[in-house]
Amino acid sequence: MSSVAKSPAAKAALPEKTAEKAPKRVRRTAEEARRLILDAAEERLAKQGPEGLRLQDIARDVGISHPAILHHFESREGLVRALIARANKQLRDTMLTALGGGHVSTDAADHIDHVFRALSDRGTARLLSWLLLTGRASESSDAHNIMGEIVAALQARREEYAEMKGKPAPDKEDTLFMAMLTANAAFGEAIVGRQLAEGAGLDQDGIKRFRAWFAKLLNDHWDGDR
C-alpha cells in the first residue's frame, strides 16, 4: 500500500503532542531527609503504635522510595533505634532547659506535661515496651544517663527552692523517686492508661484532669514537706 502524504493543512489540524514533564525531584540534604523520615515515623507511631512502623508506608508519607530509608537507617531496627534516640534527646533537652531556667519554679505541671507528651502522647513508651518485650532493647541505650541528668537538675532546682524558703535541702533519693513515679505514670498511661480511663468513664478531658491532679500531688511534695 502506498502512503498518502498529508497536506500542510491536514498536518496543522492534527493536535500537537505536549511533552510530559517529569516531576521535579526534591533535593534534600542527608540531615533533612533523616528528619523528615523520623517525623513521619513518629507520627505513625503516635497513631498506630509500633505496628505502624512499616518502611513502605513511611516512605510513601515522605514521598521517597523504600531503599532511601534503608540508605539512611540501614534497616527497620536502625530506624527504631534512631527514633528512640531522638525521643530521648528531645525529652532531655526540654527537661534540662525547663529546669535550668532563670527563676525558681514551684510548678511541676509543665515538667510533668513534657514527660507525658514525650513518653505517652508520641507513643515512645509503647515502642520502648515493645523493644523490651521482644528482646530488641539495646544495652547501649543512654536512657539511664538521661534519667541521671534529669534527676540531678531536678535536685538542684529543689535545693535552690528550699534555700529560698529557709528549709532543709530535700533528700536526693526523694527526688529520684519523684522522677521515677512520673516516668512510671507516663509509661502506664501509654500502655493501659487510656483503656483504664475509658473503663472508669473518663474522656480525653478526664485524662487531662488526671495529669493536673498528678502534678498537684507532686507540687505539694516539691519543697520537701512529707
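Remarks
- Within the stretch 71-96, considering residues that are in a helix (DSSP H, G or I) and among the small types (Gly, Ala, Ser), the one farthest from the chain's Cα centre (by Cα): Gly78
- Positions within the stretch 55-80 being in contact with a helix residue (DSSP H, G or I) (Cβ under 8 Å, 6 or more places away or on another chain) and under 29 Å from Ile146 (Cβ atoms), in sequence order: Leu55, Ile58, Asp61, Val62, Ile69, Leu70, His72, Phe73, Arg76, Leu79, Val80
A short reminder: the numbers here are calculations on the coordinates, not readings from a lab. Given the structure is predicted, the values throughout are model-derived calculations rather than measurements. Here the Cβ is made from the backbone with ideal geometry for all residues, glycine too, and neighbour counts use every protein chain on show.
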